[in-house]
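K.L.:
Have a look at this one before I ask anything.
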Amino acid sequence: MVAETRWGFESFWTDQDWTYLHSATGVKRSGGLLVMLSRRFAHSSQIGYDCVVPGRILHVRVHGHQTALDLIAMYQYTDYRPDSSYRQRESVWTAFDQCLSNIPVRHNLLCAGDFNCDLQAHPPWVGTTKFFWKTQSVTGSTHKDQQRFQDLLRAHGLTAVNTWGRSGATFVHGT
């Protein structure tokens, strides 16, 4: 799953080894999600998808023999702090919640992407709040809708897997 492709098209295609699903926002050079599935894992006839929020939430379902695997790729809006940014982010959180609510409990589920939001330590859903940066234990940026994201994890029984170690920031811009 790749977030922020910035490609301006929506498409489903295959080659010899892979099946590709891409969702675009419709806004030039903005957002975009790409999910790539090995054809050794699933044939394209086993794959269904829904662009829940174009370029922001892409739900892919792989129909297996016994059960299904649901993949949700997400790219949350950046938190620019004005109210319009908050409304955009809330619309994505709401759609994410609804998408998760529609997935049968018996299915396997994996969500990945750029959630553009901090989390507070809250086992078993979230590991640590801090990470190591330049040999220091630090807290990253905070977001006013952080509790919304945290509540979604708890409500749907999701675990933020990259919060269980103090490995460092997943992205660095400047200093």
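K.L.:
Answer yes if at least one residue in segment 138-153 is part of a strand (DSSP E or B) and more than 19 Å from Leu71 (Cβ to Cβ), and no otherwise. Walk me through it before giving the result.
P.N.:
From segment 138-153, those part of a strand (DSSP E or B) are 138-139; that's our starting set.
Subsequent filtering for residues that are more than 19 Å from Leu71 (Cβ to Cβ) retains 138-139.
Yes, some residue in segment 138-153 is part of a strand (DSSP E or B) and more than 19 Å from Leu71 (Cβ to Cβ).
K.L.:
All but one of (1) under 30 Å from Ala42 (Cβ atoms); (2) touching a residue at least 12 places away in the same chain (Cβ under 8 Å); (3) not polar (S, T, N, Q) hold for Val161; state the number of the condition that does not hold.
P.N.:
In the conditions (1) under 30 Å from Ala42 (Cβ atoms); (2) touching a residue at least 12 places away in the same chain (Cβ under 8 Å); (3) not polar (S, T, N, Q), Val161 misses (2) alone.
K.L.:
What strands (runs of 3 or more DSSP E), lying completely within segment 39-95, carry at least 1 residues that are under 30 Å from Asp118 (Cβ atoms) and modelled with pLDDT under 95?
P.N.:
Per the criteria, no element qualifies.
Here is a yes/no grid of residues against (1) in contact (Cβ under 8 Å) with a residue 40 or more places away in the chain; (2) surrounded by fewer than 16 Cβ atoms within 10 Å (Cβ to Cβ):
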position: Ala3; (1), (2): yes, no
position: Phe12; (1), (2): no, yes
position: Thr25; (1), (2): no, no
position: Phe41; (1), (2): no, yes
position: Ser44; (1), (2): no, yes
position: Cys51; (1), (2): yes, no
position: Thr67; (1), (2): yes, yes
position: Ser84; (1), (2): no, yes
position: Trp93; (1), (2): yes, no
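K.L.:
Are any residues in segment 14-23 open to solvent by 30 Å² or more (accessible area, probe 1.4 Å) and in a strand (DSSP E or B), and if so, which ones?
P.N.:
Thr14, Trp18, Tyr20
K.L.:
When you go through Gln98, Gln147, Gln136 one by one, which is the residue that is modelled with pLDDT of 95 or more, over 23 Å from Val2 (Cα atoms) and open to solvent by 80 Å² or more (accessible area, probe 1.4 Å)?
P.N.:
When all the criteria are applied, what remains is Gln147.
K.L.:
Take the residues of segment 69-82 that are open to solvent by less than 40 Å² (accessible area, probe 1.4 Å) and closer than 17 Å to Asp145 by Cα: which is nearest to the chain's Cα centre (by Cα)?
P.N.:
Looking at residues that are open to solvent by less than 40 Å² (accessible area, probe 1.4 Å) and closer than 17 Å to Asp145 by Cα, I get Met74.
K.L.:
I need the full set of residues from segment 27-39 which are open to solvent by less than 60 Å² (accessible area, probe 1.4 Å) and more than 19 Å from the chain's Cα centre (by Cα), in order please.
P.N.:
Answer for segment 27-39, where residues must be open to solvent by less than 60 Å² (accessible area, probe 1.4 Å) and more than 19 Å from the chain's Cα centre (by Cα): just Ser38.
The values are calculated or read from the model by the stated rules, or taken from the named source; none is laboratory data. Since the model is a prediction, treat every value here as computed from it, not as a measurement. FYI the Cβ positions are ideal-geometry reconstructions off the backbone, even for glycines, and counts take in every protein chain you see. The area values use the complete protein model at the heavy-atom level, side chains included, leaving out ligands, DNA and RNA. Shrake-Rupley method; radii C 1.70, N 1.55, O 1.52, S 1.80 Å.
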